[in-house]
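Just below is one structure, and these are the notes that go with it.
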Amino acid sequence: MDDKRFWVGFTLVKGIGAVRLQALLSYFGDVESAWKSSPFDLVAAGISPKLAERVVQVRNSVNLDEFMARVEKNSISILTWDDADYPAHLKEVDQPPPVLYVRGAITADDGWSVAIVGTRAVTPYGRQVTEELATVIAQNGVTVVSGLARGVDAIAHSAAIKAGGRTLAVLGSGVDKIYPPEHRSLAEKIFSQGAVISDYAPGTPPDSANFPPRNRIISGLSMAIVVVEAGDTSGALITAEFAAQQGRDVFAVPGLVYAPQSRGTNRLIANGARVYLQPNDVLEALDLTRNVERREVRRAVPSDETESALLRLLDAQPAHVDEIRARLGLPIEKISAALTMMELKGIVRQVGGMNYVAVREEQSSYTVTRTG
């Protein structure tokens with residue numbers, strides 16, 4: 001596996017995102033070679049001379065070993081595209097962030113998650129809806145995802161924690177720069193019952209330009225999103241747009257036509273979003289009412305040698321059923337039946353086109369990779 005220092009290095013270069021980093025990886029073969037390459041080779045890989053110069057400037061000015069030491073000291077974990085523990089739902093979206101910084105722990109069960117987002121200027125009606133939804137979602141073993149902002153976000157995180165559930169908060173700053181500052185105590189609680197996540201490097205201050213892009217991570221981590229209240233220009237509408245592009249279910253809570261906090265949600269409904277009336281609308285739409293049972297069954301050991309062989313073969317990289325058949329030398333009917341049962345158990349996942357990946361229980365938490 002490539003040294004995470006070099007992945008981190010590219011996150012510190014303004015202008016290097018998922019598309020450009022993928023181009024560099026395709027050209028050089030690995031991230032270390034890309035990081036250590038000459039400006040001439042960087043330009044040959046397809047990036048501009050100005051950006052190549054910026055890579056060199058960062059490379060010469062940042063001590064990555066010291067940076068990684070600070071990351072570890074602050075109990076921050078790092079995930080890259082190369083990591084098997086990189087969240088599966090997020091990895092499926094277009095241009096997923098190459099690097100995620102995490103404080104807390106993300107468990108395999110966070111694969112079942114719903115985003116709850118909305119206005120900062122929440123009404124009593126919005127508060128009631130958010131608290132009820134987050135509570136029921138959490139009680140059913142579903143992780144609540146939001147953005148730690150004032151209003152709906154904070155209410156959703158708090159209700160999930162109070163219900164004994166899990167919650168993930170995605171920031172528009174470094175994970176060591178909690179914003180708003182009055183939510184630091186809430187963030188501490190999230191560390192113990194979930195995780196705070198960002199694709200911005202530690203030390204990055206909150207900036208208005210950072211928040212719209214981070215919304216793609218909120219929706220990308222989730223199976224569906226619910227917009228509780230949103231004005232005409234609410235960032236929650238950006239999250240809903242990302243969710244629709246990513247193929248997620250979008251729910252919106254209807255409200256009074258004269259209420260400014262409901263203009264955005266009512267417009268979402270008019271444009272085709274699903275109407276949210278009660279928590280079961282979400283649970284039933286995603287078949288999440290069976291999630292608690294799935295989590296229990298998932299802990300079961302493989303029931304026969306075929307399942308055991310499939311678990312030994314499958315990992316985080318998608319494998320087509322024809323490839324699986326060829327490598328195991330078993331009848332396609334037997335493999336298909338075993339994969340169907342294992343998918344019900346939650347120990348494998350179909351990621352489209354008859355491609356399967358393993359979902360392992362040991363992917364329970366992220367750890368910082370030490371650099372020596």
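Along segment 156-170, what does the Karplus equation 6.51 cos²θ - 1.76 cosθ + 1.60 (θ = phi - 60°) give for ³J(HN,Hα), rounded to whole Hz, x for Gly and Pro?
5, 4, 5, 5, 5, 5, 4, 7, x, x, 10, 8, 10, 10, 10
Just tell me which aspartates and glutamates come within less than 17 Å, Cα to Cα, of Lys162; anything on the same chain fewer than 8 places away is out.
List returned: Glu131, Glu132, Asp153, Glu188.
Relative contact order for segment 25-159: what percent, with Cα pairs under 8 Å and sequence separation of 6 or more?
16
Working only with C-alpha atoms, what are the Rg and Dmax values of segment 104-291, expressed in angstrom?
14.8, 42
What is segment 104-291's relative contact order, in percent, from Cα pairs under 8 angstrom and six or more apart in sequence?
23
Just to be sure I understand the model, the point goes 7 Å from the Cα along the line to the Cβ. What's the resulting Asp315 to Ser185 distance in nm?
Rounded to a tenth, the inter-label distance reads 4.6 nm.
Any idea how far apart Asp94 and Ala121 come out in nm if each label point goes 7 Å out from Cα toward Cβ?
3.3
Gain in length, Asn60 to Val19, computed as 0.36 nm per residue apart minus the alpha-carbon separation, to one decimal in nm?
Contour length minus Cα-Cα distance gives 12.4 nm.
Work out from phi, with θ = phi - 60° and the Karplus expression 6.51 cos²θ - 1.76 cosθ + 1.60, the ³J(HN,Hα) of each residue of segment 56-61, listed in order in whole Hz, and give x for Gly and Pro.
Result, rounded to whole Hz: 5, 4, 5, 4, 7, 9.
log₁₀ I(q)/I(0) of segment 67-123 at q = 0.13, 0.29 Å⁻¹, via Debye over equal Cα point scatterers, no solvent, to two decimals?
Taken in order of the listed q values, log10 I(q)/I(0) reads -0.47, -1.22.
Quick check for you: which residues of segment 78-121 have the amide N under 20 Å from the point 7 Å beyond the Cα of Gln350 toward its beta carbon?
88-93, 111-113
Put a dot 7 Å past each Cα toward the Cβ at Thr233 and Asn280; how far apart are the dots in nm?
If labels sit at Asn280 and Thr233, their model points lie 4.1 nm apart.
Rounded to the nearest 0.05, what FRET efficiency do Lys334 and Glu132 give with R0 = 41 Å and r taken as the Cβ-Cβ distance? Could you check?
Here the calculated transfer efficiency is 0.35.
Which residue, Glu241, Glu333, Glu131, has the most motion in a Gaussian network model of the chain that connects Cα atoms within less than 10 Å?
For the chain, modelled as a Gaussian network with Cα springs under 10 Å, the answer is Glu333.
Evaluated at 37 °C with a viscosity of 0.692 mPa s, what Stokes-Einstein diffusion coefficient in µm²/s does segment 1-126 have when Rh comes from the Kirkwood expression over alpha-carbon pairs? Don't jump to the answer; show the numbers that get you there.
On the way: Rh = 16.5 Å.
My calculation gives 199 µm²/s for D.
So what's Rg/Rh here for segment 163-228, counting alpha carbon atoms and using the Kirkwood radius for Rh?
0.96
If the only charges are +1 at each Lys and Arg Cβ and -1 at each Asp and Glu Cβ, what is the size of the charge dipole of segment 300-358 around the Cα centre, to the nearest 20 debye?
80
Per residue of segment 238-246, what does 6.51 cos²θ - 1.76 cosθ + 1.60 with θ = phi - 60° give for ³J(HN,Hα)? Whole Hz please, x for Gly and Pro, Karplus curve as stated.
5, 4, 5, 5, 4, 4, 5, 5, 8
For all pairs of alpha-carbon atoms in the chain, what percent lies in each bin of width 20 Å, listed from the first bin to the last filled one?
Per 20 Å bin, starting at 0, the Cα pair percentages come out as 28, 54, 17, 0.
Can you list residues from other chains, or at least 5 along the same chain, whose modelled amide H is less than 5 Å from the amide H of Ala224?
Ala115
Report the relative contact order of the chain, percent, no decimals, based on alpha-carbon pairs under 8 angstrom and at least 6 residues apart.
Details: 694 pairs, mean separation 60.1, N = 372.
Computed value for the chain: 16 percent relative contact order.
Distance check, please: which entries in Lys4/Lys345; Lys14/Lys177; Lys4/Lys189; Lys4/Lys36; Lys4/Lys50 exceed 21 angstrom between their Cα atoms? It would help to have the intermediate numbers written out before the result.
Numbers: Lys4/Lys345 33 Å; Lys14/Lys177 19 Å; Lys4/Lys189 28 Å; Lys4/Lys36 14 Å; Lys4/Lys50 25 Å.
Pairs exceeding the cut-off: Lys4/Lys345; Lys4/Lys189; Lys4/Lys50.
Let me know the longest stretch in the chain that avoids all trypsin sites (Lys or Arg not before Pro) found in a DSSP loop with at most 12 other C-beta atoms within 10 Å. Don't skip to the end; give the middle numbers.
Numbers: sites that count: Lys14, Lys36, Arg299, Arg370.
The longest such stretch corresponds to 37-298.
Assigning unit charges at the beta carbon (Lys, Arg +1; Asp, Glu -1) and nothing else, what dipole magnitude in debye, to the nearest 20, does the chain show about its Cα centre?
780
Counting only residues 5 or more places away or on other chains, whose amide H sits under 5 Å from the amide H of Val351 once H atoms are built in the peptide plane?
Tyr356, Val357
Name the residues whose placed amide hydrogens come within less than 5 Å of the amide hydrogen of Thr143, ignoring near sequence neighbours (fewer than 5 apart) on the same chain.
For Thr143, the qualifying residues are Trp112, Ser113, Val114.
Every number in this text was worked out from the coordinates using simple rules, so none of it is lab data. In this text the structure is predicted, and so the values were computed from the model without any measurement. In this analysis, Cβ positions are derived from the backbone assuming ideal geometry, glycine residues included, and neighbour counts consider all displayed protein chains.
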